[in-house]
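Down below is the structure, laid out as structure tokens.
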Amino acid sequence: MAGFALVAFPLLIGLIVSGQQIDRVTHQSEQLLERAISVTQSARQISDRVIAFERSARQFRILRDADARTSLYDRHRALSEELTSFSALIEREALLELADTIAQRSRELHQRTLNAEVETEWPPSLSALFEGLREIANELLIATETDSQRELKRLEAMGEAARDASLLSLVSTVPIAIMLAFLMANFLNRRIRRLDRGMRALAQPESARIEQVTSPRDLRALSTRLEWVRRRLVRTERDRRQLVGQVSHELKTPLSAIREGTSLLADQNFGQLGEQQQEVIGIIQSNISRLQEQIENLLRFNRLQARPGPVRQEGVLLDELVERVLEGHRLRIEAHRIKVRRSRSSGIRLSADPDMLTTAIDNLVSNALKFSPSGSTIGVEVKRQGDRALVLVADRGPGVPAADRHRLFEPFFRGTRPQNQFRPGSGLGLAICRDLVRTHRGEVELVERAGWSTVFAIELPINPSGDVAA
């Protein structure tokens with residue numbers, strides 16, 4: 001909240017400044033417009049009053065009665081009052097002088113109209129004087145309108161100045177707000193990235209520690225909870241490994257006894273067996289072998305989780321290792337009439353644990369054979385790619401659904417297809433393969449290759465000093 005308030009503060013200042021500018025210009029505009037209208041109307045009234053005053057003077061000179069005298073007096077008084085009101089509205093000296101001139105001449109004309117003794121009804125001298133008074137009133141009206149135009153231009157200039165001030169306020173405050181927002185976002189993002197690294201590290205809780213965030217309070221509490229989860233995962237993983245190891249070893253002993261007993265029965269050491277009995281013994285032996293293989297996979301997976309790296313390092317020729325793996329599956333390959341497409345010898349030698357690497361490649365080849373229909377083809381290729389060695393194992397089986405690709409290497413995951421649930425296996429083969437390859441600083445992934453439905457690629461670093469030329 002403090003960060004949001006800090007970001008909003010410059011914008012609030014800009015809005016306040018702009019609002020004040022607008023209020024000031026609006027207030028001054030109202031005053032200027034009101035005064036300009038009042039002054040212009042008063043100047044027009046003065047002009048009308050001068051004409052009315054002259055008309056009353058002409059009537060008095062013709063009638064020379066009391067009513068005409070009273071009308072002349074009222075017209076002169078109305079003109080004087082209008083001049084007084086006009087003088088109160090203006091401040092310019094030139095306009096005040098013109099108003100004073102009109103007032104002075106109107107008084108003179110009033111007296112001369114009353115005191116003129118000539119018999120002529122409208123003497124030329126009075127006509128000339130009243131004409132001069134009208135000209136001065138017109139001059140006052142023109143000057144007033146010119147002054148109003150000047151005030152309107154001043155008002156326009158004030159509006160432009162207010163607009164420029166508001167624009168300057170926005171131009172200065174918006175970048176500051178953006179900069180503060182960026183700094184605040186960066187402040188929060190750094191802490192969120194720490195938590196993100198910590199959550200990613202939960203995949204290997206024993207080798208990482210959650211970075212503690214000092215602020216804000218919510219993220220600090222979250223980092224503390226994540227560290228508690230990490231420690232809980234470490235304890236749970238340790239207990240799980242111990243339990244799997246103990247259970248697997250406990251199972252191996254009675255399983256070995258059962259296997260020995262079934263072997264004795266199969267060898268007919270205790271008497272002849274009928275065909276149905278031999279068939280049952282064969283089924284038992286097959287399931288014992290499958291169970292033993294799964295127990296071995298569990299033990300191997302448990303050892304990999306607890307062991308940081310390869311047990312031993314020695315020079316390994318990848319082509320020879322692949323040949324050994326294929327030779328181990330020769331009977332299965334021949335039984336299902338599967339063709340093996342091999343690449344020519346690459347001569348790549350690298351430093352690795354041969355047993356662990358053999359197991360990794362063997363798991364991929366076993367997978368390819370298990371999902372390949374009889375009479376199809378699998379491909380095994382070893383090649384160099386820069387300073388890395390690639391081992392590609394491909395098949396033309398049903399392929400991997402797009403929904404399963406991101407979970408292929410999870411332990412015990414056997415895919416979402418219903419038919420996969422009826423195939424033999426524990427779902428540990430690919431997980432074991434990945435862990436074995438990663439202990440050699442390599443990676444295994446599912447890739448795309450034309451002509452194949454499923455292709456797994458093992459990528460391993462090559463030790464340049466141990467390379468053998470092809």
144, 454 arranged by Cβ crowding within 10 Å, fewest neighbours leading: 454, 144
Solution diffusion estimate, µm²/s, Stokes-Einstein, segment 314-466, Kirkwood Rh from C-alpha pairs, 20 °C, viscosity 1.002 mPa s: 136 µm²/s
Net lengthening on full extension, residue 92/residue 160 (0.36 nm per residue, minus Cα-Cα): 22.0 nm
Gained length - residue 197 relative to residue 13, 0.36 nm times residue gap less alpha-carbon distance: 62.4 nm
Rotationally averaged projected area of segment 140-181 (alpha carbon convex hull; nm²): 2.4 nm²
Ranked list, fewest to most other Cβ atoms within 10 Å of each Cβ, for 370, 339: 339, 370
In segment 53-84, the trypsin sites (Lys or Arg not before Pro) that fall in loop regions by DSSP, at most 12 other Cβ within 10 Å: 64
Calculated FRET efficiency for the pair residue 289/residue 339, C-beta based, R₀ 30 Å, to 0.05: 0.70
Per residue Cα convex hull volume in Å³ - calculated over segment 2-179: 100 Å³
Sites residue 224 and residue 388, calculated FRET efficiency, Cβ-Cβ separation with R0 35 Å, nearest 0.05: 0.30
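No lab work stands behind these numbers, since they all come straight from the coordinates. Just so it is clear, the model here is predicted, and its values are computed rather than measured. Every residue, glycine as well, gets a Cβ built from its backbone with ideal geometry; the counts of neighbours run over all protein chains shown.
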